[in-house]
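Reviewing the structure listed below.
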């Protein structure tokens, strides 16, 4: 009689589940034949025992010996099938359960055999057939997945520029046709903006094409960060990028082009031995519904780019055909800068800071927002402020707006309030004058001024006396975005901040990237050795939170708890 045996892992594992544990002489014969044919057999006397084996993953094929007819046997089969997953099932019946067996075939059984006509050869053939079918199906599925992945990869290669990972010309033509058809159907406006890097040939000639490639990748990254996910970016030629802006009016497209121009010129590209400042000239075109080809779009956009070049580069122009229509909107940027000068267009939002191991709110970062529209977000707001020599005045008005929000009753007044300042604002404004902006309403609050490392220029020692003056007046100082630049350690040693905020690039994806976790561990050790607290920015997943707690990061913030509001 066949019983439970020690399973040989090299053999196909057969699990026999008997509902009543009563075997028959015929069954014993065919089971012995299966063992002789090289199968490893495990036999359970009850359904419950069989389910336990399946739950532990102990079978390559299941043989179910049913003795009851009707819904009871089908229910038992469904239990087995749910645990078996992709493992094939063969049903044995005495002959009175044919209807139930047929039903099982419809819901997933690989085969069913009558014990009354069972012989060793038929039984072994049925087992082999079931196993072979399982392997064929698995191989077919694997081949299908690999084919789909290869097809997807070929599709990507056909449509995406290998260097910058934005669309190539073929991909652009498809996107253009798709957006054009959608615009016609739904009455949308469609705007194209062409970007041409200023003096890019000089970069290639003086520093080499490898450096030029680095610059192009950086520019494409800035474009992706600036535009919407629904916009399209394509590299055209060497240093030209065409952007398609669906559902966008011409005036909006001009503002978006200004955002792009400012993003490209925002900060110099730091290479090992060289700092490169890149600017771009742009041309904007409202696409007519009767345009014929991508060449027509490029031709009209290039005329506008040529005008930007002739007017001194690093600017945005519109196509000749749109000038008359757009004339009333030319004052949009002037109106915006006037609004910024008046200073009554700002608002504040907040993001809580948590003690990570308890997920308890211990502070709030109060963030500024500009006028509603294209320049509402801080990066865009401050770029346009720099462009128009308004940074310090705008920064101080944003600070005043944020400090005024700190007294709102929705905040726990015992928590710490973080506000942001540019290094240039701290340098330009006497500390005593700066302190008059902080609320004096009789409530003692703890404030922290955050200074972004991204905005440091050269040696950070020029900030040391100003940082010390803030600390002497009871204001905590935090260095924000640490890890972004090459001067992190120097900044921390010279400025001796109370708090260090780890840049989000070290946090996002940390749970799945061991190298990122190792970098963060080293950075935390350095910060701890300097006696500063650590706050991690950019937490978006539960796994990231748990990893940060394990590493020893005490505080954090991010969209895991919600967006700024």
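The values are calculated or read from the model by the stated rules, or taken from the named source; none is laboratory data. Small disclaimer: the values here were computed from a predicted structure and weren't measured. Cβ atoms come from the backbone with ideal geometry, glycine included; neighbour counts cover every protein chain shown.
What the table shows:
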quantity: For residue 357: the one exception among (1) surrounded by 17 or more Cβ atoms within 10 Å (Cβ to Cβ); (2) modelled with pLDDT of 85 or more; (3) outside any helix (DSSP H, G or I); calculated: (1)
quantity: Some residue of segment 400-415 being closer than 28 Å to residue 490 by Cα and either assigned by TED's automatic domain parsing to the domain that holds residue 489 or crowded, with 19+ Cβ neighbours inside 10 Å (or both); calculated: no
quantity: Sole residue being at pLDDT 90 or above and within 14 Å of residue 355 (Cα to Cα), chosen from 556, 531; calculated: 556
quantity: Residue among 15, 83, 27 that is under 19 Å from residue 126 (Cα atoms) and either in a loop (DSSP other than H, G, I, E, B) or at pLDDT 80 or above (or both); calculated: 15
quantity: Yes/no for residue 48 being in the same structural domain as residue 109 (by TED's automatic domain parsing), over 25 Å from residue 117 (Cβ atoms) and not in a strand (DSSP E or B); calculated: yes
quantity: The lone exception for residue 529 - which of (1) within 27 Å of residue 469 (Cα to Cα); (2) touching a residue at least 12 places away in the same chain (Cβ under 8 Å) it fails; calculated: (2)
quantity: Scan of segment 530-554 for residues that are surrounded by fewer than 19 Cβ atoms within 10 Å (Cβ to Cβ) and either outside the structural domain of residue 361 (by TED's automatic domain parsing) or within 14 Å of residue 482 (Cβ to Cβ) (or both), ordered by number; calculated: 530, 533
quantity: Number of the condition not met by residue 142 [criteria: (1) part of a helix (DSSP H, G or I); (2) surrounded by 11 or more Cβ atoms within 10 Å (Cβ to Cβ); (3) modelled with pLDDT under 90]; calculated: (2)
quantity: Residue ID - surrounded by the fewest Cβ atoms within 10 Å (Cβ to Cβ), chosen from residues in segment 155-177 that are over 16 Å from residue 293 (Cβ atoms) and free of Cβ contacts under 8 Å to residues at least 12 places away in the same chain; calculated: 162
quantity: Test: residue in segment 221-229 that is assigned to a loop (DSSP other than H, G, I, E, B), touching a residue at least 24 places away in the same chain (Cβ under 8 Å) and under 23 Å from the mean Cα position of the chain (by Cα); calculated: yes
quantity: Condition broken by residue 153, with the remaining ones in (1) closer than 30 Å to residue 213 by Cα; (2) at pLDDT 80 or above satisfied; calculated: (2)
quantity: Complete set of residues in segment 55-84 that are without any contact (Cβ under 8 Å) to a residue 40 or more places away in the chain and either under 26 Å from residue 117 (Cα atoms) or touching a strand residue (DSSP E or B) at 6+ places or on another chain (Cβ under 7 Å) (or both); calculated: 69, 70, 71, 72, 74, 75, 77, 78, 81, 84
quantity: Test set (1) in contact (Cβ under 8 Å) with a residue 24 or more places away in the chain; (2) over 24 Å from residue 295 (Cβ atoms) - residue 182 fails condition number; calculated: (2)
quantity: Odd one out for residue 96 among (1) out of contact with any strand residue (DSSP E or B) (no Cβ under 7 Å at 6 or more places or on another chain); (2) part of a helix (DSSP H, G or I); (3) modelled with pLDDT under 75; calculated: (2)
quantity: Any hit, segment 131-138, residues being at pLDDT 75 or above and loosely packed, with under 11 Cβ neighbours inside 10 Å; calculated: yes
quantity: Matching residues in segment 249-276 - criterion: being part of a loop (DSSP other than H, G, I, E, B), under 28 Å from the mean Cα position of the chain (by Cα) and modelled with pLDDT of 85 or more; calculated: 265
quantity: Any hit, segment 524-534, residues being part of a loop (DSSP other than H, G, I, E, B) and within 27 Å of the chain's Cα centre (by Cα); calculated: no
quantity: Tally, over segment 50-72, of residues that are surrounded by 15 or more Cβ atoms within 10 Å (Cβ to Cβ) and at pLDDT 75 or above; calculated: 11
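Yes/no per residue for (1) touching a strand residue (DSSP E or B) at 6+ places or on another chain (Cβ under 9 Å); (2) surrounded by fewer than 20 Cβ atoms within 10 Å (Cβ to Cβ); (3) more than 18 Å from residue 308 (Cβ to Cβ):
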position: 179; (1), (2), (3): yes, no, yes
position: 217; (1), (2), (3): no, yes, yes
position: 223; (1), (2), (3): yes, no, no
position: 245; (1), (2), (3): yes, no, no
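Rundown of residues vs (1) in the same structural domain as residue 197 (by TED's automatic domain parsing); (2) surrounded by fewer than 21 Cβ atoms within 10 Å (Cβ to Cβ); (3) modelled with pLDDT of 75 or more, yes/no style:
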| residue | (1), (2), (3) |
| --- | --- |
| 281 | yes, no, yes |
| 289 | yes, yes, no |
| 294 | yes, yes, yes |
| 306 | yes, yes, yes |
| 313 | yes, yes, yes |
| 321 | yes, yes, no |
